Amino acid sequence: MIDRYCSGVLPTMVVMSHRFSALDRVVAALLVVALLSAACGAGDDEVSAGLTTTTTTTATAATTIDSVTATSTSIAATTTTTTTTTVRPPEPFETFVATIKSGYQILEPHVEPDGESDRLQLEFGIYNPTYFGNPLVLMVTDRTADGQWLKVQIPVRPNGTEGWIPAEQAVLSSHFVRAAVNLTDRVVKVWDGDDLIAETGAVIGTANRPTPVGRFFVNDLVEKWPDSAYGPYVLSLSGFSESLEEFAGGLPVIAIHGTNRPELIGGAHSNGCIRVPNDVVIFLAENVPMGTPVDIYA
């Protein structure tokens, strides 16, 4: 949870329709500003020894790819043309990422890859750009054979919610960066392909407010200041606390961020967020692209 950024950057609201008024967006923005004003829950007096932190090579930037490869065959005797369309499967460790185009301001995912299928009923609106002014980016989990529809993970509750969007609404790219959070060892690791580029000890959630497990993705980057409770950067994730319904009036969003209590590294002291040393979170902010999958496991 983004500890008060574990408290939630997202406003609590129920979507009754797929059209939102200007007043809705103003209210949502005011709620977000209020939620981000408080510090991360780092007041636990328990201190654990910090683990060794290492950072190495620079990650590869995302590469834009063609969503489909088409081949056409004409039949000489007639004017009929048949087209066979295929999509390229991901390579090992490759993640496809959908960056929503600027002309689409509200995400309206479908239950099935069909424009006539029902739209998902979401707890709150997913806007483009995000509140922090960044393009809306989603992790792609599947594609139709013709490449016309993308299945994406959506940053709403319940964790892991997926839906289908038309491929024409997004720019499709890919990269090979991935991260894993081992809650038992309280260690975060990041790879670029086969190369381990970062490994660090971390603070995780307490027994009463544990960090949720599952596959999430980095969906936003928020710059703070070095001495803040979050350190200099917050990497928002697509997941939410499963032990808290809300936190300080907002949704309990999970994030990876820095800390102003480095002596707590290696302990279980947060409200669900993952805290890492500030030098590491700076490295992650500079080298981890949006849409990076983050596997959290015990």
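The values are calculated or read from the model by the stated rules, or taken from the named source; none is laboratory data. Given the structure is predicted, the values throughout are model-derived calculations rather than measurements. Glycine also receives a Cβ, built like all others from the backbone with ideal geometry; neighbour counts cover every protein chain displayed. Accessible surface areas use protein heavy atoms only, side chains included; no ligands, DNA or RNA. Shrake-Rupley method; radii C 1.70, N 1.55, O 1.52, S 1.80 Å.
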Residue by residue through the stretch 123-131, the couplings from Karplus 6.51 cos²θ - 1.76 cosθ + 1.60 with θ = phi - 60°, in Hz, x for Gly and Pro, are 5, 8, x, 10, 9, 10, x, 6, 4
Residues with amide H under 5 Å of Ser238's amide H, sequence separation 5 or more or different chain, H placed in the peptide plane at 1.01 Å from N; which?
Phe217, Asn219
I'd like the Karplus ³J(HN,Hα) series for the stretch 171-184: coefficients 6.51, -1.76, 1.60, θ = phi - 60°, whole numbers in Hz, and an x wherever there's a Gly or Pro.
9, 8, 9, 8, 8, 10, 8, 8, 9, 9, 10, 8, 6, 5
Expected sort for 179-192, 244-257 on mean C-beta neighbours within 10 Å, highest first, is 244-257, 179-192
Taking Rh as the Kirkwood radius, which is the inverse of the mean 1/r over Cα pairs, what is the Rg/Rh value for the stretch 108-167?
0.96
In terms of modelled amide H atoms, which long-range or inter-chain residues lie less than 5 Å from the amide H of Ser270?
Ile204, Gly205, Thr206
Excluding ligands, DNA and RNA, what is the solvent-accessible area per residue of the stretch 250-296 at a probe of 1.4 Å, expressed in Å²?
21
Roughly what would the spin-label model give for Gln169 and Thr144, points 7 Å off Cα along C-beta, in nm?
1.3
In whole Å, largest first, the alpha carbons of the stretch 135-204 cover along the principal axes 41, 29, 23
Karplus-derived HN-Hα couplings along the stretch 139-156 (A = 6.51, B = -1.76, C = 1.60, θ = phi - 60°), whole Hz, x at Gly and Pro
7, 8, 10, 6, 9, 6, 4, 8, x, 7, 10, 10, 8, 10, 7, 10, x, 9
